Every structure is written in C-alpha cells, then in structure tokens.
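Step one of this worksheet: look at the structure below.
A short reminder: the numbers here are calculations on the coordinates, not readings from a lab. Every value quoted in this text rests on a predicted model; they were computed, and no experiment measured them. Backbone-built Cβ (ideal geometry, glycine too); neighbour counts: all protein chains shown.
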C-alpha cells in the first residue's frame, strides 16, 4: 500500500525525468488492459456511424450512412412484401383472376 | 394439437433446412466480409426474408445510396412471387389471423412445399402451412446469423463466393426449363437481356430487359398461347 502511494507520488512529481515518463507511457501502451479496453473505445467513437451500420462492429468502409442503409433494407422489404401481398389484395379468392394476368405471370 | 401440426410439418422442411444451411451461412459470411455485423444481418433476414434478393442486396448496400433503383430491382427480382400468390389464393383462403404471416413468408421453398403437399389426415391445413412457413423462416434467420458469427472466427478468400447467387438463378432457370415442353417464353427471357446488355451496358441493362420481356410477351401473346396448348 505504502509503495503504491509512493510510486504514484513519484510519477506525478515534476522531479521525475522525461525519459522515465516516456518509459512508463510505453509500458502502459504495451500493457494488455490498454489494448483490450481503451483502444477499441476510441476507434468506435471515431467510426461510430460505420460501427452501428455494421451491427456489432464491422470492417469495410461503407458508402452509405446508417439511415441510408436502413432505408435501403426497408425498401427491399417493402418491394418483396408488395410482390407477395398484391395478389391476395387484388384478386380475392372468391373472384376469378383475369386471364391476362395469369398469362403474363405464368410465363 | 399444435405440437401435432408441428410434427407433421417438420419432416417436409428438412431438405429446406439443409439447403438453407449453405445459402444462409454463405449469406451471413458475405455480409461479414462487406462489413456488416450480426445485428444488421439478422435484421435484414428478419424483415426482407428473400434469399436471392438479399444476395443482390449485398451489392446494393455497399454501393451508393439509390432508393429508386433498389425498389425497382426488388420488384423485378421478386416478381415471381406474384405467381406464387396467385397459385396460393385458394389454399390460404380462410386462414384467419395467420394469413398475413403465411403471405409474408411465401418464399420459393415454402411455396414449393405448401403448393404441392396435402397436409396429413387429421392435421389442420392452416396450422400445417403455418409451421412450414415458420420453420423455414427460423432456418433462414438462424443460418444467416450462424454464417455471420462464423465470419468472426474464420477468414478465407471469399472471392467468387457471391457466384452462389448466379448459380441459384441458373438452377431456377433449369428447373423451369424442364417443367415446360415449349421454351419460347424462356428463350425470350434469355435473349432480351443479351440484347439489352449489348445496348445499355452491364450497369443499366436489367430494367430495360424486364420491360422488353413484358413487351415481347404481350406482342406475341397469341402465338405463345397456341404453343402452350
């Protein structure tokens, strides 16, 4: 306990040489905790748009922002659902489907 | 009763589970390589739920934002679903609350089962159709998620993996070719894009070729109808 207090005091003291500070700094950078927690957090803050676009962290640079990606996916969904729902909305089962439609689609 | 319907539906969906294993994992994996994580992959599979369209979507999502093209292309690629819908009008009649889900999940594979299979005796047909649809939905979402997770651990050269889509369309084309005796409609579908490709170029030929196909079909309707008879 005493030793910790002493070392932190020493670190903060202006008397410590620049060389020692650089060394301490390097050690901190090389330490595991620095890489596992601090570094990714900084990266995520910078690339936060890409990070969210990628769901849970992504790699490649994307040409769209998150809103544009969501809109593109929504349009894919709307287009798909339109093709699935239109027949049921336009041609109720109790009415006969026009021949022309049957011809065009079946070919 | 529900469990009975589920048990009846499950065996029919086993081949789909196996088929989706490759397609779904490859899709999830490709999403990962394009920079999309698990969240976005699962979200896309849940809301879009259309295999071939999602593969095309890979290109759309990495290109520049173009909503009109996205919507048009989706409608063109999934136009075959209109045909599925018309074929299922009677079968899905009277399915009550489940009807919207049945229509939502009417993908190629679900259509192929529900269209051709008669539910076993004593099984409610709506519940049978519902479980086929639900199981296929679960398979697709799960396999694409699995592929994306796998992408975190394995890295290999994915060059050429997106050829899966082209291969899928070739298989669909061959199936349709085999089903019919006369191939004039298929040939129109084959020749029109080639003509448009030469005129409009690789980036812009899809929509003109679709329009050309429809025009040719309308113009030569009587002749094609005679052939079919």
Inset, instruction - For a footprinting-style exposure proxy, rank B:116, B:209 by other Cβ within 10 Å, fewest first. - result: B:116, B:209
Inset, instruction - In nm, give the distance between the simple-model label positions of residue A:71 and residue B:170, each being 7 Å from the Cα along the Cα-to-Cβ direction. - result: 3.7
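Report the calculated FRET efficiency for residue B:90 and residue B:202 (r = Cβ-Cβ distance, R0 = 35 Å), to the nearest 0.05.
0.25
Subtracting the Cα-Cα distance from 0.36 nm times the residue separation, let me have the gained length for residue B:154 to residue B:22 in nm, one decimal.
Details: separation 132, 0.36 × 132 = 47.52 nm, distance 1.57 nm.
Net length gain for the segment: 46.0 nm.
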Inset, instruction - With a Förster radius of 41 Å, plug the Cβ-Cβ distance of residue B:195 and residue B:10 into 1/(1 + (r/R0)^6) and report the FRET value to the nearest 0.05. - result: 0.30
Legend entry - Average beta carbon contacts from partner chains per residue of B:76-89, 10 Å cutoff: 6
Legend entry - Cα-projected label distance for residue B:80 with residue B:124, points at 7 Å along beta-carbon direction, nm: 3.2
Inset, instruction - Label the stretch B:2-157 by shape, choosing from rounded, prolate and oblate, from the square roots a ≥ b ≥ c of the eigenvalues of the Cα gyration tensor; if a/c is under 1.5 it is rounded, and otherwise prolate applies when a/b is larger than b/c, oblate when it is not. - result: oblate
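Under the definition of Cα pairs under 8 Å and six or more residues apart, what whole-number percent is the relative contact order of chain B?
Contact order relative to length: 33 percent.
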Inset, instruction - For a footprinting-style exposure proxy, rank B:126, B:133, A:97, B:44 by other Cβ within 10 Å, fewest first. - result: A:97, B:126, B:133, B:44
Inset, instruction - Compute the Cα gyration tensor for the stretch B:77-229, then decide on rounded, prolate or oblate, letting a ≥ b ≥ c be the square roots of its eigenvalues: rounded whenever a/c is under 1.5, prolate when a/b is larger than b/c in the other cases, and oblate in all that remain. - result: oblate
